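Read the structure below first, then the notes.
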Amino acid sequence: MAWPDLVEAAHAAFLDTWGIPATLAPQSGSGPFSITGIIKNPGMEEQNVPGGAAGTGVLRFWVDFNSPVFLTVPKPQSGDTLTVNGIAYTVGVPDVDIEGGATLKLRKVG
């Protein structure tokens, strides 16, 4: 198996195991779209659990831009809204890695 295939298999396994659903609402008004991602450890301490019902000020959410879902759903970009566990967040500039994964830095709306 080639390296890109191994990476995609690993990404799919991670999302199947730890992935949580989220709803993407692009600025364009298209959508909403369902995507799956993984909540990453916070970059700084928060008073609430990341991804919890109370929401946090900032949330880091990893997605796989090479996932088949992004063949039909637009990739999240700065200014879009992503709802995780009922809490709406604004998407900042995504940090995309060389393997196609992307960390979305989200800031709670309101």
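If you check GLY79 against the conditions, is it more than 17 Å from ILE20 (Cβ to Cβ), at pLDDT 95 or above and of a type outside the set (D, E, K, R)? Judged against the criteria, GLY79 is a match. The residues of the range 1-43 that are in contact with a Phe, Trp or Tyr (Cβ under 8 Å, 6 or more places away or on another chain), in a strand (DSSP E or B) and surrounded by fewer than 16 Cβ atoms within 10 Å (Cβ to Cβ) amount to a single one, THR23.
Pairing each residue of the range 64-93 that is among the charged types (D, E, K, R) with any residue that is part of a strand (DSSP E or B) and surrounded by fewer than 19 Cβ atoms within 10 Å (Cβ to Cβ), provided the two are 6+ apart or on different chains, yields C-beta distances under 7 Å for ASP80/ALA25.
Of everything in the range 74-96 that is assigned to a loop (DSSP other than H, G, I, E, B) and among the charged types (D, E, K, R), the residue that is farthest from the chain's Cα centre (by Cα) is ASP80.
The values are calculated or read from the model by the stated rules, or taken from the named source; none is laboratory data. Because the structure is predicted, anything quoted here is derived from the model rather than measured. Glycine also receives a Cβ, built like all others from the backbone with ideal geometry; neighbour counts cover every protein chain displayed.
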